[in-house]
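Peer 1: My structure is below; once you've seen it, I'll send some questions.
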Amino acid sequence: MSEFVEIFEVGPRDGLQNEARMIPAAEKIALVDLLSGAGFRRIEVASFVSPKWVPQMADGADVLAGITRVPGVSYAALTPNMRGFERAIEAGVDEIAIFGSASEGFSQANINCSISESLERFLPVCDAAKAANIKVRGYVSCVTDCPYDGPTAPKMVADVTGRLLAMGCYEVSLGDTIGQGTPETIATMLDAVLQTTDPAQLAGHYHDTNGLALKNISVSLEKGLRVFDAAIGGLGGCPYAQKPGERAPGNVATERVHDHLAGLGVSTGLDRQVLEKAAEMAREMRAE
C-alpha cells in the first residue's frame, strides 16, 4: 500500500447543498478558508446549477469571490451544463465537475434526462473546459444501488465511467449515493470498472448510511484506489437519493476517514487539529 492517500473535501458543496437552513455566503467562506489551511489539495466549494433545484448553492460566485485562496489548493465547482460552466469560469473556478448516473431511474430523478442524454449534454462542457485549460472531474452516482431501480449492474458503472474518461475527465468519482454498498458489492463493482480503467483515474465516494463507508474504503484501497471523497463533520447527502419520507443519506466524515487511514499507517497530509475545528464549525452550521 502506498504511504499517501488523498481525501477530496466535498463538504462546502455536497455537504451543505441539502441543509434546510439557508446558510449565508459568509459562513461558507469561513468554512472553506478554515479547510484551506488543513492541507487539502482539492476542495469542492460551489455548484453552478439552477437555484430552482438547489437554492442553497445559488451564491457560488459570491463564495468563490470571497475565499482566501491558498497556493496549491484547487477550488472546484459542479457544472451540469454550458450555462453553469460559463458562470463557474467567470467566478474563477480552478476545476469543474460533471455528474452522471449508472442508473436510469436516478438520472431521471436527479437531472431529468436519460443517462445517454446526460452524457451528450456534457460534451460541449468538456470541449469548452479543454479549450480553457480547465480540468474536469466526473461523478457517477448509484454505483451499487439505486433508490428507484434497485441494484446497479457493475457493467453500467464501467460503461459510464469509460465514457466520462473518454470525454476528457481526468478522474471519475464512484458514488455509493444511497449508502447501501457493502465491501462485497463495492469490490464487484470495482472489478468491473478496473477491467478497462486504471485505478489512478478513480476515486471512491461512499456514504455512511449503514456505517460501512470505512470498510468500503478499505476494500477500495486493496483494489488500488488512492483518492476518496469526504465531507467535514459528515455534512450532507443527496436530496434526490431517497424516496419521499426518507432521510437523505449522509456523507462519510472527513475526520473519520483521516483517522481510519492513519490507523492503517497511511498519510493524508492533513492537519488533524484543523480538521477538528472545521468539523465543529460544520456541526454548528447544521445545528443553527
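Peer 1: Would you mind telling me which numbered condition in (1) within 30 Å of GLU280 (Cα to Cα); (2) in a helix (DSSP H, G or I); (3) of a type in the set (Val, Ile, Thr) VAL93 fails?
Peer 2: So the condition that VAL93 fails would be (2).
Peer 1: Would you mind telling me which numbered condition in (1) under 30 Å from SER220 (Cβ atoms); (2) more than 17 Å from the chain's Cα centre (by Cα); (3) assigned to a loop (DSSP other than H, G, I, E, B) PRO51 fails?
Peer 2: Condition not satisfied by PRO51: (1).
Peer 1: Turning to a different aspect of this structure: Hey, any hits in region 213-234 for a residue that's under 27 Å from ARG21 (Cα atoms), at pLDDT below 95 and assigned to a loop (DSSP other than H, G, I, E, B)?
Peer 2: no
Peer 1: Kindly provide the set of residues from region 1-45 that are under 17 Å from THR254 (Cβ atoms), among the aliphatic types (A, V, I, L, M) and in a loop (DSSP other than H, G, I, E, B), ordered by number.
Peer 2: Those that are under 17 Å from THR254 (Cβ atoms), among the aliphatic types (A, V, I, L, M) and in a loop (DSSP other than H, G, I, E, B): VAL5, VAL10, LEU16, ALA38.
Peer 1: Taking the condition of being closer than 13 Å to VAL136 by Cα and buried (at least 20 other Cβ atoms within 10 Å of the Cβ), how many residues in region 53-98 meet it?
Peer 2: Selection size over region 53-98: 12.
Peer 1: Just to be sure I understand, how many residues within region 54-81 are touching a Leu at 6+ places or on another chain (Cβ under 8 Å) and either aromatic (Phe, Trp, Tyr) or part of a loop (DSSP other than H, G, I, E, B) (or both)?
Peer 2: 1
Peer 1: Out of (1) at pLDDT 95 or above; (2) exposed (fewer than 15 other Cβ atoms within 10 Å of the Cβ), the odd one out for SER50 is which?
Peer 2: Status for SER50: all satisfied but (1).
Peer 1: Which one is nearest to the chain's Cα centre (by Cα), of the residues in region 114-155 that are closer than 11 Å to ALA97 by Cα and not aliphatic (A, V, I, L, M)?
Peer 2: TYR139
Peer 1: For ARG13, only one of the following conditions fails: (1) among the basic types (Lys, Arg); (2) buried (at least 24 other Cβ atoms within 10 Å of the Cβ); (3) without any contact (Cβ under 8 Å) to a residue 60 or more places away in the chain. What is its number?
Peer 2: Condition (3) is where ARG13 drops out.
Peer 1: When VAL143 is evaluated against the numbered criteria (1) in contact (Cβ under 8 Å) with a residue 24 or more places away in the chain; (2) more than 24 Å from GLY250 (Cα to Cα); (3) part of a loop (DSSP other than H, G, I, E, B), which criterion, by number, is the only one it fails?
Peer 2: Unmet condition: (2).
Peer 1: Does THR161 fit the bill of being without any contact (Cβ under 8 Å) to a residue 60 or more places away in the chain, part of a loop (DSSP other than H, G, I, E, B), in contact with a helix residue (DSSP H, G or I) (Cβ under 8 Å, 6 or more places away or on another chain) and on the phi < 0 side of the Ramachandran plot?
Peer 2: Details: without any contact (Cβ under 8 Å) to a residue 60 or more places away in the chain: yes; part of a loop (DSSP other than H, G, I, E, B): no; in contact with a helix residue (DSSP H, G or I) (Cβ under 8 Å, 6 or more places away or on another chain): yes; on the phi < 0 side of the Ramachandran plot: yes.
It is false that THR161 is without any contact (Cβ under 8 Å) to a residue 60 or more places away in the chain, part of a loop (DSSP other than H, G, I, E, B), in contact with a helix residue (DSSP H, G or I) (Cβ under 8 Å, 6 or more places away or on another chain) and on the phi < 0 side of the Ramachandran plot.
Results for (1) at pLDDT 95 or above; (2) among the hydroxyl-bearing types (Ser, Thr, Tyr); (3) under 20 Å from GLY204 (Cβ atoms), shown as yes or no for each residue.
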| site | (1), (2), (3) |
| --- | --- |
| ASP94 | yes, no, no |
| GLY105 | no, no, no |
| SER118 | no, yes, no |
| PRO124 | yes, no, no |
| ALA128 | yes, no, no |
| ALA132 | yes, no, no |
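Peer 1: Only one residue in GLU90, GLU3, GLU9 is more than 20 Å from the chain's Cα centre (by Cα) and modelled with pLDDT of 95 or more, so which one is that? Break it down stepwise before answering.
Peer 2: On the way: GLU3 fails: modelled with pLDDT of 95 or more; GLU9 fails: more than 20 Å from the chain's Cα centre (by Cα).
Checking each option against the conditions leaves just GLU90.
Peer 1: On the given criteria, is SER47 of a type in the set (Ser, Thr, Tyr) and touching a Gly at 6+ places or on another chain (Cβ under 7 Å)? Let's see the steps before the verdict.
Peer 2: On the way: of a type in the set (Ser, Thr, Tyr): yes; touching a Gly at 6+ places or on another chain (Cβ under 7 Å): yes.
Spelling it out, SER47 is indeed of a type in the set (Ser, Thr, Tyr) and touching a Gly at 6+ places or on another chain (Cβ under 7 Å).
Peer 1: Quick one: how many residues across region 168-203 are of a type in the set (S, T, N, Q), in contact (Cβ under 8 Å) with a residue 60 or more places away in the chain and assigned to a loop (DSSP other than H, G, I, E, B)?
Peer 2: Filtering region 168-203 for residues of a type in the set (S, T, N, Q) gives 173, 177, 180, 182, 185, 188, 195-197, 201.
Of the ones still in play, those that are also in contact (Cβ under 8 Å) with a residue 60 or more places away in the chain are 173, 177.
If we keep only those that are assigned to a loop (DSSP other than H, G, I, E, B) as well, we get 177.
Qualifying residue count, region 168-203: 1.
Peer 1: Tell me, yes or no, whether region 104-115 has at least one residue that is assigned to a loop (DSSP other than H, G, I, E, B) and of a type in the set (Val, Ile, Thr).
Peer 2: Going through region 104-115, the residues assigned to a loop (DSSP other than H, G, I, E, B) turn out to be 112-114.
When the remaining residues are screened for being of a type in the set (Val, Ile, Thr), the result is none.
No, region 104-115 contains no residue that is assigned to a loop (DSSP other than H, G, I, E, B) and of a type in the set (Val, Ile, Thr).
The values are calculated or read from the model by the stated rules, or taken from the named source; none is laboratory data. These numbers come from a predicted model, not from an experiment. We place every Cβ from the backbone using ideal geometry, glycine too, and count neighbours over all the protein chains shown.
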